[in-house]
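Let me begin by presenting the structure, written as structure tokens, before commenting on it.
Values quoted throughout were computed directly from the atomic coordinates according to the rules given, and no laboratory measurement underlies them. This one's a predicted model, so the numbers in the text were calculated from it and none came from an experiment. So basically every Cβ, Gly included, is an ideal-geometry build from the backbone, and we count neighbours across all protein chains shown.
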Amino acid sequence: MYELNKLNNTDISKATLKVQQEKLRFGLWRADQQHWAWYSAFREQQQRKEQNNCMKRTIVKCAGGTIALLALLNIGAMNLQADQQISAQFNMPIHITTLVNESGCDNSPGPYITLEGEIALGGLQVELILANNVKGTHMTDVTFDTKVVLVPLGDSIVIPKQPVLGGVGGNPYIWIQFYNAQGNLSDEIFLGRCVQGLKVEKDCLNKALAGLVVAGSDCNNNPGPYITFEGGMALSGVNARFIFRNNLKGTHTKIVESTANVTIIPEGTPIVIPKQPVLGGSGGNPLIWIQLLQGNGAPIGDPYFLGRCVQL
């Protein structure tokens, strides 16, 4: 009987120990799960904070660029605190037309090349929307909607004549390639050998920053208010690379190559948007929205709500 009781007690002790081990294991697992859930929530919170900080840095950078642009153009220097500023970074279509002339083709280290032409801009517009509240509702009734051309579609920048000296000699084969700080804007365009008066055209996108100062007056007068826009636009740079080779690719002759670069649009080239008045037909201190548009009417981002006229 004693041995049986001893055995039973041993079995009970083992069973108890096993249960305690299982409880401990379950407790550790549960604690681990709770810790992992807490860590996941913490990481998600940190990622949201980082995204918000990143967004804030982008907004501050864009706002800082706009203030610098307006200061460079000496626009709204006295009223930047009172008037409202809006800005947008966007890709403006441009059309590059270049005229390439060559001479001294067989001279060393020639040939001599000159590049000139113009760049047609895709244009910039602004849409002014005025509205009043509908009595007794949360709806608004648009009472005035008009578009104002800030930079005309096709407005051009002249590319002054610039000399380029090739470094291969012996009437080389010549290519041209357009590029900017972000990379190539075109493939290599074959010009041939010395060709007088060769015209080269290329469509591409230019990263632009537009900044506007918006002011309002006579908000409660009829048929007011008077809204004015002024500001500027900065273009990213465009360059041309001339490539000189003594032979065509794919031949069995060793190819000697040299390049020469030309700046077509300097980085940050400013374009002034002169002050333009708009007379609204709403009256009664209306709500104001601004929508920036490409020259062809395509919207740039979302509309900007500026508040009521007296808030400008």
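Ranked highest first by the average count of other Cβ atoms within 10 Å around their residues, in what order do 174-182, 296-304 fall? If you can, show how the numbers build up before the last one.
On the way: 174-182: 17.4, 296-304: 12.9.
Descending packing order for the listed peptides: 174-182, 296-304.
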Scoring only Lys, Arg, Asp and Glu (+1, +1, -1, -1) among other residues with Cβ under 10 Å from the Cβ of L235 yields 0
